[in-house]
Amino acid sequence: MPAWVIPSGTPETIVQDLLNEIHLGSVRGWAPYEKGAQMRALVRSGYSEEEIAERYRMTSTDVRNHISAVDFMEKTYFPMTADPTDPNHRSKFSYFLEFFKNGRLRDHSEAIPDLPERFARWVRDERIDTGARVRKLARILNSQQATRVLDVVGFEAAEECLAKENPREQELYSLIEQARSRLEGMTVNEMLELRESKERQELLAALRDEAATRLSIASRIKKKR
């Protein structure tokens, strides 16, 4: 196990600076929650967020978000769990950090005053159990119906609800929109390549023909009574 040998008589302030560098400034430092708690302790001891950021190669916004996430977990999330002292809860710190980092979620919090508490419940109940879901949450919150579904059923059902309301949220139509946008942005060189390449023309024509076929079939399908 690696170890540091510190000469006896080393001032405590120097020892603490070294520990902070090891645990906050190194890649293999403390776990994220513990890092955030240590940043908060430094602020309480008199350091500014800007000083901490400069010392440990972060931004002041990073420091602020870490501290906000720790405070929120301790004040809101831990108390609503079955066992607030369970150390496994700390492993979900990244979800709360992502919440504070996401500008669109901050905007939603202004319009939905109880959003932070609801977010904590969604994490507790494992309706949100990945960082990717936190990043997708803002889109869910754009829809009142999808948000209600998230509350009652879960995240996957909320995504399905959103896809029905907005086709661009559905994988197929999202890909179609991406392809349309990419075609719209073709460069002059790409257009010249298309003009000179039979294979490229055939690919584009096949896409056009398949889209026309799907539209034709859809128009002939009878609605269920």
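Give me a count of the residues in segment 45-92 that are under 20 Å from Asp114 (Cα atoms) and touching a His at 6+ places or on another chain (Cβ under 9 Å).
Qualifying residue count for the region: 4.
Do you know which of the residues in segment 54-79 that are over 19 Å from the mean Cα position of the chain (by Cα), of a type outside the set (D, E, K, R) and in a helix (DSSP H, G or I) is farthest from Phe100 (Cα to Cα)?
Once the filter is applied, the top-ranked residue is Pro79.
Filter segment 143-172 down to the residues that are without any contact (Cβ under 8 Å) to a residue 12 or more places away in the chain and surrounded by 14 or more Cβ atoms within 10 Å (Cβ to Cβ), then identify the one that is nearest to the chain's Cα centre (by Cα). Break it down stepwise before answering.
Filtering segment 143-172 for residues without any contact (Cβ under 8 Å) to a residue 12 or more places away in the chain gives 144, 147-148, 152-153, 156-157, 160, 163-164, 167-168, 170-172.
Within this subset, residues satisfying the condition of being surrounded by 14 or more Cβ atoms within 10 Å (Cβ to Cβ) are 147, 157, 160, 163, 170.
Working: Thr147: 17, Ala157: 19, Glu160: 19, Ala163: 19, Gln170: 19 Å.
Once the filter is applied, the top-ranked residue is Thr147.
What number of residues within segment 93-137 are buried (at least 20 other Cβ atoms within 10 Å of the Cβ) and not in a helix (DSSP H, G or I)?
Count: 2.
Select from segment 184-202 the residues that are in a helix (DSSP H, G or I) and surrounded by fewer than 12 Cβ atoms within 10 Å (Cβ to Cβ) and list them in ascending order.
So in segment 184-202, the residues in a helix (DSSP H, G or I) come out as 184, 188-196, 198-202.
Correct list: Glu184, Val188, Asn189, Met191, Leu192, Arg195, Glu196, Lys198, Glu199, Glu202.
State which residue is modelled with the lowest pLDDT when the search covers only segment 25-47 and only residues that are among the polar types (S, T, N, Q) and outside any helix (DSSP H, G or I).
Kept after step one, since they are among the polar types (S, T, N, Q), are these residues of segment 25-47: 26, 38, 45.
Among the residues that remain, those that are also outside any helix (DSSP H, G or I) are: 26, 45.
Working: Ser26: 56, Ser45: 85.
My answer is Ser26.
The values are calculated or read from the model by the stated rules, or taken from the named source; none is laboratory data. No experiment lies behind these values; they were computed from the predicted model shown. Virtual Cβ from ideal backbone geometry, glycine too; neighbours counted across all protein chains shown.
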